[in-house]
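In what follows, a structure is listed as structure tokens, so that the remarks can point back to it.
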Amino acid sequence: MAKPTGFLEYARADAVKRPVPERLKDWYEIRLPHKQEEITRQAARCMNCGIPFCHSGVMLRGMASGCPVRNLIPEWNDLVYRGQWREAYLRLIRTNPFPEFTGRVCPAPCEGSCTEGCHMESVAISALEYEIIERAFREGWVKPLRAVSRKESVAVVGSGPAGLSAAHYLAGAGYGVTVIERGDRPGGLLTYGIPNMKLDKAVVERRVSLLRESGIEFLLNTEVGRDIGAAELLKGFDAVALCGGAGKARGLDIPGRDLSGVRYAVDFLSESTKSLLAGRPPREELNAQGCRVIILGGGDTGTDCAATALRQGCKSLTQFEIMPKPPARRDPAGNPWPEWPKILKTDYGQEEAAWLTGEDPRRYGISAKELIGDENGRVRSVRAAEVEWVKNDAGRLVPREIPGSEKLWEADLVLLAMGFLGPEDTLPDAFGLERDERSCVKAAYGSFKTSREKVFAAGDMRRGQSLVVWAIQEGKVMAREIDRFLSGGSLIRE
């Protein structure tokens, strides 16, 4: 234990952010490092409690509880407290190949299951993880992989978090690895799905450069099933790992869906990053400048859309959430520890909007019914109504419109941020793979084997839309199974 009374002496200190007026003027990361003395205090709060649900990595009632990559959190907390930073880094990468990603974008289910969270504020685990890996990069401790080369080779399709994780571990085991990416840059959603102010693309490029130095080849602008066939990959590689993500965005079946100015959030975010990297304005149809923006969806993607629209100079911003407003505190009966706490959280996008307008942009318990356009076919308003959640005959909660609550909301740009339905069809169809009831590639967790010999699948393509940290974990464990498939055994540990 770092300090037996640390949790009593020190209050939790969340990640430090740049002031809102400053960060709204640019696209740089909003996060700042803690001061050394503060991060030592935060490490001191960890009790090494003996029941470390923080690194359990299990699903409770459909939500992650604990760290999916099984980070040995109390151990590196103790090492940070004692000033043994290099040892803390070595312990951290024992389970997590990319702490620089999870330390920035993971919602930290580890903190939701921290024992201290039963009665007080949980340990600031995410902040500690961020500090460890950034110090490791500054000190030059992060090195390319070195491994004895094997004759077998593996094709990894997709360079998002699952693909990069699989490539990392397979290269570490000595295999020749080629990552095939349809985009013009590696990273998948890390590059084009998460805004720069939350994950600077230089951070992604830093890691990709290390992977290249480790001998991993990246084949960009190449889509399997169109630019290169499945048969060619099966012939040219000893195994194929599919990590294509779940890119089929959830649509909206209401009148006016096809109006100009109604776009998927993923397209809006992708175009924003592409324009930023290219040093040009976003394309007009995906530019929020001067627009009255309505975002349909209240999750992380909706938050990212809000922050992006504000930086592009939108005229107004409103975010619809069909679910009721969450409580300020965890409900011990309906949402007990160590489940993920379903409580009200104000993320950076809402924080910035509130600073500009004086109010939270989110509207809870509201559902869009119709999108209304002008004579040119451009969206101009959203007809929406308030809903309440009631139990149907089967006992399931369903939304029911509140009579008389219908209202028109003006809008020039409507962004659909309602999640994803599963993988796009091109890649699974190219290999003729079996799909499950959600349209995801059928491959059992633990084996990751698809219905096709030599072909494995992991990440969102297999499990559906999920967290970056789950994708990293699946890529790691799939790499272990490919290693076993090719060599009969594996030193890759879960």
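Taking L276, is it within 30 Å of V382 (Cβ to Cβ) and in a helix (DSSP H, G or I)? Criteria met by L276.
If we keep just the residues of region 287-336 that are polar (S, T, N, Q) and not in a loop (DSSP other than H, G, I, E, B), which is nearest to the chain's Cα centre (by Cα)?
Selected residue: T301.
Can you confirm whether F448 is at pLDDT below 95 and either surrounded by fewer than 17 Cβ atoms within 10 Å (Cβ to Cβ) or under 26 Å from the mean Cα position of the chain (by Cα) (or both)? For F448, the condition - at pLDDT below 95 and either surrounded by fewer than 17 Cβ atoms within 10 Å (Cβ to Cβ) or under 26 Å from the mean Cα position of the chain (by Cα) (or both) - is not met. Checked against the criterion of being aliphatic (A, V, I, L, M) and in contact with a strand residue (DSSP E or B) (Cβ under 7 Å, 6 or more places away or on another chain), region 328-347 contains not a single residue that satisfies it. When G446 is tested against (1) part of a loop (DSSP other than H, G, I, E, B); (2) touching a Leu at 6+ places or on another chain (Cβ under 9 Å), just one condition goes unmet, and that condition is (2). Criterion applied to E75, E111 was being over 21 Å from the mean Cα position of the chain (by Cα), part of a helix (DSSP H, G or I) and more than 19 Å from G140 (Cβ to Cβ), and the one residue passing it is E75.
Rundown of residues vs (1) free of Cβ contacts under 8 Å to residues at least 12 places away in the same chain; (2) more than 21 Å from A457 (Cα to Cα), yes/no style:
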position	(1), (2)
T102	no, yes
G112	no, yes
E116	no, yes
A127	no, yes
E134	no, yes
R138	yes, yes
V148	no, yes
A166	no, no
L190	no, no
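Every condition in (1) under 18 Å from the mean Cα position of the chain (by Cα); (2) open to solvent by less than 50 Å² (accessible area, probe 1.4 Å) is met by E205 except one, and the failing one is (2). Report yes if some residue within region 451-460 is under 26 Å from C305 (Cβ atoms), touching a helix residue (DSSP H, G or I) at 6+ places or on another chain (Cβ under 8 Å) and surrounded by 24 or more Cβ atoms within 10 Å (Cβ to Cβ); otherwise report no. Scanning region 451-460, I find at least one residue that is under 26 Å from C305 (Cβ atoms), touching a helix residue (DSSP H, G or I) at 6+ places or on another chain (Cβ under 8 Å) and surrounded by 24 or more Cβ atoms within 10 Å (Cβ to Cβ), so the answer is yes.
Conditions (1) open to solvent by 30 Å² or more (accessible area, probe 1.4 Å); (2) over 18 Å from I295 (Cα atoms); (3) in contact with an Asp or Glu (Cβ under 7 Å, 6 or more places away or on another chain); (4) modelled with pLDDT under 95, marked per residue:
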residue	(1), (2), (3), (4)
P361	no, no, no, no
E388	yes, yes, no, no
S405	no, yes, yes, no
A411	no, no, no, no
R435	yes, yes, no, no
A443	no, yes, no, no
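Does F420 count as of a type outside the set (S, T, Y), at pLDDT below 95 and open to solvent by less than 60 Å² (accessible area, probe 1.4 Å)? Answer is yes for this residue.
Here is the figure for region 101-130: residues that are of a type in the set (D, E, K, R) and under 25 Å from G172 (Cβ atoms) total 2.
Residues that are closer than 22 Å to R257 by Cβ, out of contact with any helix residue (DSSP H, G or I) (no Cβ under 9 Å at 6 or more places or on another chain), open to solvent by 60 Å² or more (accessible area, probe 1.4 Å) and of a type in the set (D, E, K, R): does region 344-359 have at least one?
There is no residue in region 344-359 that is closer than 22 Å to R257 by Cβ, out of contact with any helix residue (DSSP H, G or I) (no Cβ under 9 Å at 6 or more places or on another chain), open to solvent by 60 Å² or more (accessible area, probe 1.4 Å) and of a type in the set (D, E, K, R).
Residues considered: C49, C67. Of these, the only one that is closer than 30 Å to G349 by Cβ and either in contact (Cβ under 8 Å) with a residue 24 or more places away in the chain or outside any helix (DSSP H, G or I) (or both) is C67.
Restricting region 214-235 to residues that are of a type in the set (A, V, I, L, M) and farther than 10 Å from T178 by Cβ, which is surrounded by the most Cβ atoms within 10 Å (Cβ to Cβ)? My answer is V224. Among the residues making up region 208-221, those that are assigned to a helix (DSSP H, G or I) and more than 22 Å from the chain's Cα centre (by Cα) are R212, E213. Whenever a residue of region 207-232 is under 14 Å from R185 (Cα atoms) and at pLDDT 95 or above, its partners that are of a type in the set (D, E, K, R) and surrounded by fewer than 17 Cβ atoms within 10 Å (Cβ to Cβ), lying with C-beta atoms within less than 8 angstrom and at least six residues away or across chains, give the pairs F218/R212; L220/D184; N221/D184; N221/D227. Count of region 12-40 residues, restricted to those that are open to solvent by 80 Å² or more (accessible area, probe 1.4 Å) and closer than 16 Å to S122 by Cβ, is 1.
Considering (1) at negative phi; (2) open to solvent by 20 Å² or more (accessible area, probe 1.4 Å), the lone condition that K476 does not fulfil carries the number (2). At pLDDT below 95, under 30 Å from P324 (Cα atoms) and surrounded by 13 or more Cβ atoms within 10 Å (Cβ to Cβ): does that describe L397? No. Of the residues examined, A88 is not one that is under 28 Å from G193 (Cβ atoms), small (G, A, S) and either at pLDDT 95 or above or surrounded by 24 or more Cβ atoms within 10 Å (Cβ to Cβ) (or both). Does any residue of region 309-331 turn out to be polar (S, T, N, Q) and under 19 Å from A108 (Cβ atoms)? No, region 309-331 contains no residue that is polar (S, T, N, Q) and under 19 Å from A108 (Cβ atoms). Name the residues in region 134-170 that are among the aliphatic types (A, V, I, L, M), part of a helix (DSSP H, G or I) and buried (at least 24 other Cβ atoms within 10 Å of the Cβ), would you? Answer for region 134-170, where residues must be among the aliphatic types (A, V, I, L, M), part of a helix (DSSP H, G or I) and buried (at least 24 other Cβ atoms within 10 Å of the Cβ): A162, L164, A166, A167, L170.
Residue pairs whose Cβ atoms lie under 6 Å apart, sitting 6 or more positions apart in sequence or on different chains, and linking a residue in region 15-43 that is aromatic (F, W, Y) to a partner that is modelled with pLDDT of 95 or more, are W27/N196; W27/M197; W27/L276.
The values are calculated or read from the model by the stated rules, or taken from the named source; none is laboratory data. Because the structure is predicted, anything quoted here is derived from the model rather than measured. Don't worry about glycine lacking a Cβ; one is built from the backbone with ideal geometry, like all the others, and counts go over all protein chains shown. Areas reflect the complete protein model, heavy atoms only, side chains present, ligands, DNA and RNA absent. Shrake-Rupley method; radii C 1.70, N 1.55, O 1.52, S 1.80 Å.
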